[in-house]
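*Asks:* One structure follows; several queries about it will come next.
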Amino acid sequence: MINKNSKEIKVGIADMKIARQEGVLITHALGSCIGITIYDPMIKLGALIHIMLPEATGAKSSSVYKFADTGIKETLRKLGAFGGRKNRYICKIAGGAQMFAGGGAAGALGHIGERNAESVKKVMQEEGIRIQKQDVGGTTARTMLMDVSTGEVKLRIIGKPEIIL
Amino acid sequence: MSIKSYEELDGMALDVMREIGSIGTGSAATALSALVGDTIKMTVPEIQIKEFNDAIDHLGGPEDIVAAILVQMSEDVKGTMLFLLRMDFVNAVLKRILGKEIENFFQLHEMEISVLTEVGNIMLSSYASAISTLAGMDIHLSVPAIAVNMLGGILAVPMAELGYETDQLMLINGKLILGNEKHDSTILMLPDIESLNKLMNKLVGGYDQQE
């Protein structure tokens with residue numbers, strides 16, 4: 001169960017937060033973006049990343065967490081510094097939806113969610129971390145939260161009951 | 001010197017954008033009046049350049065449910081435009097056109113969606129045509145796409161489109177006035193950086209000469 005009294009730590013778009021022992025990491029309204037939780041159950045260390053684009057290649061932007069590749073790598077480096085170990089990590093991902101339907105614009109922009117999901121999976125595979133659970137694709141936004149005291153990950157989707165990932 | 005991001009737009013450039021906004025939304029209001037069969041007026045809009053996360057906080061909560069119409073611009077100006085419809089404005093429109101109101105966004109069916117898409121399309125194409133005329137540049141708009149979902153997830157779409165170039169959005173906020181009602185109206189005008197420079201050169205002048 002997610003402890004209601006636990007402190008919520010908000011993760012914005014193109015952002016990442018780490019918490020230890022307690023606290024709920026939350027990122028709101030993942031559309032085509034992907035939320036990635038990485039958790040080390042032995043030391044109760046967790047991170048939540050909110051990426052927006054698949055790869056940093058050629059980007060003029062300075063934000064590492066905007067991109068799947070640089071965002072995941074930087075997070076793993078930081079988790080490592082906090083004592084996290086790759087062989088214990090539990091990784092879950094959510095998001096990558098196609099938000100718009102029914103027009104020329106939907107087609108051109110629609111594949112970004114899919115590409116984000118592919119990139120996250122590829123980077124995780126390269127890092128040797130298995131994605132234990134995922135809820136990606138579809139046409140609706142998701143809010144993702146992780147209770148760092150238990151490692152439990154939940155998703156909120158409009159018009160549906162909260163689900164445990 | 002050319003502009004590298006939206007936040008480099010100076011006071012004069014923002015004044016020009018506001019002027020365009022005023023003309024664009026003015027003609028959009030006239031076109032909408034004809035569609036809804038009631039007089040619609042629009043206040044002079046404010047132009048705001050906001051970082052992604054600030055933009056969402058400024059427009060409401062990330063989990064607020066809204067409808068949005070998105071079009072892609074091509075030809076001389078490339079990029080995206082988006083019009084946000086909040087529940088109160090959705091009802092103001094549906095009441096006048098279809099004679100019905102909804103309690104939540106799940107009650108939007110094919111007919112309602114089609115009306116809202118058309119409203120967004122009129123809004124955005126009037127706006128684009130005002131810019132096109134003033135700047136003397138061709139702007140072609142795609143068929144409109146619609147989403148009804150969380151605000152954060154919707155805004156992330158144009159953000160991702162611009163994400164390799166900038167971390168900011170350009171918001172054009174004003175009020176639509178229908179009878180005694182006032183509704184917030186938000187248009188996102190998001191040319192890519194190259195098109196933004198072209199636009200500014202045409203409309204303000206001097207951005208290239210300042211080097």
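Taken together, the values in this text are just the output of simple stated rules run on the coordinates, not laboratory data. If you're wondering where the values come from, they're calculated on a predicted model, not measured in any experiment. Here the Cβ is made from the backbone with ideal geometry for all residues, glycine too, and neighbour counts use every protein chain on show.
*Asks:* Can you give me the pair-distance distribution of the protein assembly as shown, C-alpha pairs, 20 Å bins, whole percents?
*Replies:* 29, 53, 18, 0
*Asks:* Treating only the Cβ of Lys, Arg, Asp and Glu as charged (+1, +1, -1, -1), what charge dipole size does the protein assembly as shown show about its Cα centre? Round to the nearest 20 debye.
*Replies:* 1500 debye
*Asks:* Would you tell me the mean number of C-beta atoms belonging to other protein chains that fall within 10 Å of each C-beta in A:29-37, as a whole number?
*Replies:* Mean number of neighbouring Cβ atoms from other chains: 5.
*Asks:* For B:Lys41, give me every one of the lysines with a C-alpha distance below 25 angstrom, ignoring sequence neighbours fewer than eight places off in its own chain.
*Replies:* Those lysines meeting the cut-off are B:Lys95, B:Lys100, B:Lys175, B:Lys182.
*Asks:* Further, regarding this structure: Just to confirm a number: summing +1 for Lys and Arg and -1 for Asp and Glu over residues other than A:Met42 whose beta-carbon lies under 13 angstrom from that of A:Met42, what do you get?
*Replies:* +4
*Asks:* Also: So which trypsin sites (Lys or Arg not before Pro) in the range A:71-165 end up in coil per DSSP with only 15 or fewer other C-beta atoms within 10 Å?
*Replies:* When the trypsin sites (Lys or Arg not before Pro) of the range A:71-165 are filtered for loop state and at most 15 Cβ neighbours within 10 Å, A:Arg85, A:Arg130 remain.
*Asks:* Okay, next question. Which FRET efficiency, nearest 0.05, do B:Leu35 and B:Gln107 yield, Cβ-Cβ r, R0 22 Å?
*Replies:* The value I calculate is 0.60.
*Asks:* Here is a follow-up. Only Cα pairs under 8 Å and at least 6 apart count here; give the relative contact order of chain B as a rounded whole percent.
*Replies:* Dividing the mean separation by the residue count of chain B yields 36 percent.
*Asks:* Quote the FRET efficiency, to the nearest 0.05, computed for A:Ala101 versus A:Gln132 with a Förster distance R0 of 35 Å and r equal to the Cβ-Cβ distance.
*Replies:* Step by step, r from the Cβ atoms, then E = 0.70.
*Asks:* Can you list the aspartates and glutamates whose alpha carbon is less than 14 Å from that of A:Lys122, not counting same-chain residues fewer than 8 positions off?
*Replies:* By straight Cα distance, A:Lys122 reaches A:Glu55, A:Asp69, A:Glu114.
*Asks:* Here is a follow-up. Please give, to one decimal in nm, the separation of the simple spin-label points placed at B:Glu19 and B:Thr133, each 7 Å out from Cα toward the Cβ.
*Replies:* 1.5 nm
*Asks:* Given the DSSP H assignment, sum -39500 (n - 2.57) over each helix run of at least 4 residues in chain A and divide by its residue total; what's the result at 222 nm in deg cm²/dmol, nearest 500?
*Replies:* Calculated mean residue ellipticity at 222 nm is -7000 deg cm²/dmol.
*Asks:* Same structure again: Taking the alpha-carbon centroid of each part, what is the distance from the range B:110-125 to the range B:61-86 in angstrom?
*Replies:* Result: 12 Å between the Cα centres.
*Asks:* Here's another thing I want to ask about it. Out of residues 5 or more away from B:Asp64 or on other chains, whose amide H comes under 5 Å of its own, with H placed 1.01 Å from N in the peptide plane?
*Replies:* B:Leu151, B:Gly152
*Asks:* Enter the Cα centre distance for the pair the range A:10-44 and the range A:71-101, rounded to the nearest angstrom.
*Replies:* Centre-to-centre distance over Cα atoms comes out at 8 Å.
*Asks:* Check which residues have an amide H placed less than 5 Å from A:Asp15's amide H, if you skip close sequence neighbours.
*Replies:* The list, which skips near neighbours in sequence, is A:His50.
*Asks:* I'd like the FRET efficiency for B:Glu118 and A:His111, computed as 1/(1 + (r/R0)^6) with the beta carbon distance as r and R0 of 30 Å, rounded to 0.05.
*Replies:* Efficiency at R0 = 30 Å is approximately 0.70.
*Asks:* Going by alpha carbons, how many degrees (0 to 90, nearest 10) lie between the helix axis of A:68-81 and the longest principal axis of chain A?
*Replies:* Value to nearest ten degrees: 10.
*Asks:* Select from B:Leu108, B:Leu190, B:Leu32 the residue whose mean-square fluctuation is largest in a Gaussian network model of chain B (Cα-Cα springs shorter than 10 Å).
*Replies:* B:Leu108
*Asks:* Here's another thing I want to ask about it. Which residue fluctuates most in the GNM of chain A (Cα springs below 10 Å): A:Ile90, A:Ile49, A:Ile72?
*Replies:* Fluctuation is largest for A:Ile90.
*Asks:* Which value in deg cm²/dmol, rounded to the nearest 500, describes the helix-derived mean residue ellipticity at 222 nm for chain B, given -39,500 (n - 2.57) per DSSP H run of n ≥ 4 and division by the residue count?
*Replies:* Calculated from helices alone, the mean residue ellipticity at 222 nm is -15000 deg cm²/dmol.
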